[in-house]
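The values are calculated or read from the model by the stated rules, or taken from the named source; none is laboratory data. The model shown is predicted, which means the values in this text are computed figures rather than measured ones. Here the Cβ positions follow ideal geometry from the backbone for every residue, glycine too, while neighbour counts run over all protein chains shown. These area figures cover heavy atoms from the full protein model, side chains too; ligands, DNA and RNA do not enter into them. Shrake-Rupley method; radii C 1.70, N 1.55, O 1.52, S 1.80 Å.
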Amino acid sequence: MSSDYEFSDDDGDYYDDEDMIDGTQDDADDDMDMDAYNEDFKVDTGSKRKSYEIEYESLSQAAVETSMRHDIDHICGILGADAGTAVLLLRHLSWNKERLIEKYMDNPTKVTEGAGITVPEPPSTATPVRTRASRSTSKGVPSKSKSTAKSKDEPFVCPICFDDSPDLQTLSLDCTHQFCSNCWSAYLSSKIRDEGEHCIRCMAEGCALVATDTFVKSVLTGEEEPTFVRFQELVARHFVSCNPNLKFCPYPGCTNTVSCPSASSKSSLTTVVPTVSCGARGIPGQAAGKETSVAAAKEHKFCFGCPIDSDHRPVVCMVAKMWLKKCADDSETANWIKSNTKECPKCVSTIEKNGGCNHMTCKKCKNEFCWVCMGPWSEHGTSWYSCNRFEEKAGVDARDAQSKSRASLERYLHYYNRWANHEQSAKLSLDLYAKTEKKMEDMQITSSLTWIEVQFMKKAVEEADKCRQTLKWTYAMAYYLARGNQKELFEDNQRDLESAVEDLSELLEQPIEAETIPQLRQKVTDKTVYVSKRNEIVLEDTANGFLEGRWKWNVPIEGFDDPDEADLVN
């Protein structure tokens, strides 16, 4: 008796998406038992979503365009408009269907004029003055019949390029402002390619009419078809940017989108780090003949809740942005100046000590003071090269400010140096990937292992790289955590993970020797699983802390309770 769940190897091949980076597989390794290989790295993940993970959905551009068509059809059915008009109305009101229907029902003329669908009506003829203006306006905008009659008498001259060829092809919107097809093509291409515009108005000066998608498509034909594809992408990007539940993938060349409603509100970002993936890998459009490395084929992961284009778990978005701002601005440069220089007590000029004597003379105001206590030098008597007078009132405030500034700088540098170290290690991962691939090839040559069996090295490098990303952001979080038991437990988990990652990195750097390959494979495999578990513990505990409200901060952070006075750090 056969079971419904039985299957044979002939029914289909199993491919691990992390193993098959370039979509190909060596046929010589097809007979390898993948179950035995995967058993080395098996971690009981279960079907339950972890506390540091978030529910989201990856969408292709085609799926986004399908959602756009649903909105367009909805508006067409309610307002009785055609698709071209409906899409311009929706784009004008940021794809807000309810707001569009409300405003359209209230004043349809104002909405259509604002969307660039119709031109404003000429001034009213209520007074004689306006009547004369109306007559002059009507003469300035000839009817189609008069335009046709005029074209028979004299050739059409394009207002842009002044081409008057007899066979010149002209195009116009509903405003009847005619231009040659070449000028229209160049104008649309420039707006789309150079300016990234999806709302393109008529070329005539002062005309606010917007070109419909059908018109744009009819102009951008032949060699300009890629430009129209870019136009469709811009329209899809505008739709995504107007929907708080959607976010476009920030990776260059990627057109995928992520839907994550649970992270669309600002309040939700205080309890979760919405790290998502668009489902794509590598660099879109990369030449097929170009060798694709493991690093170049990384999964597109980014934060849904903030502009940081990387995974910054375990720290929440507000803290991550504060840390990056602190590292980028000149606040720490000023802090360094405060820590390594002093100000003249009289004229407040900045002075740096460049000698061993404590007797300082300001070059600006000629004031003489002691570098140690900042007090007047006249009170020191004969103590020329040492100062034990720490009780002078004049120098107490200066010494306190100097000590606080120096302690603040040392504290910042402690966390920043470790943060920068892991960031630098991540940048060097490209070289590590290349070295690892070379070692994997050497293992095949010097041992009986197949290409599938040496994949443990690649998995170890990927796990080390992922954990260093976690460690980097743990130092940003630790900098802002208030002192206490919770911070000590956090740093204990941080220390255990860092120690495990360094041990794994040391194993990866070991030279390959034929007789020690089996032992090395076992050690690397065991350490990879251990590092993965330690990383999961850090992420899980931190995420649970946000959900439970356990974390206290030493600075005010938006969305969290104000810190206690004792926890504040100047």
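Taking Lys and Arg as +1 and Asp and Glu as -1, the other residues whose beta-carbon sits under 13 Å from that of I75 total 0.
Where does the charge balance sit around L508 when Lys and Arg score +1, Asp and Glu -1, over other residues with C-beta under 13 Å from its C-beta? Before the final figure, lay out each step's value.
Numbers: positive: K435, K438, K439, K458, K459, R468, R521, K523, K527; negative: D431, E437, E462, E463, D465, E502, D503, E506, E509.
Value of the local net charge: 0.
Based on the Cβ-Cβ distance from N417 to D442, what FRET efficiency comes out when R0 is 30 Å, to the nearest 0.05? It comes out at approximately 0.30.
Could you work out what % of the accessible surface of the stretch 438-536 is carbon and sulfur, using a 1.4 angstrom probe and leaving DNA, RNA and ligands out of the count?
On the way: 2020 of 4320 Å².
Accessible surface attributable to carbon and sulfur in the stretch 438-536 totals 47 percent.
Centroid-to-centroid, using Cα positions, the stretch 71-92 and the stretch 529-562 are 46 Å apart.
Run the accessible area of the stretch 142-283 with a 1.4 Å probe and give the carbon-and-sulfur part as a rounded percent. Walk me through the numbers before you get to the answer.
Working: 3750 of 7560 Å².
Ligands and nucleic acids excluded, carbon and sulfur give 50 percent.
Cα-Cα over 21 Å: which of K266/K487; K364/K404; K435/K533; K346/K366; K458/K527; K435/K466? Pairs exceeding the cut-off: K266/K487; K364/K404; K435/K533.
Think of a 1.4 Å ball rolled over the protein heavy atoms: the stretch 404-509 then has 46 Å² of accessible area per residue.
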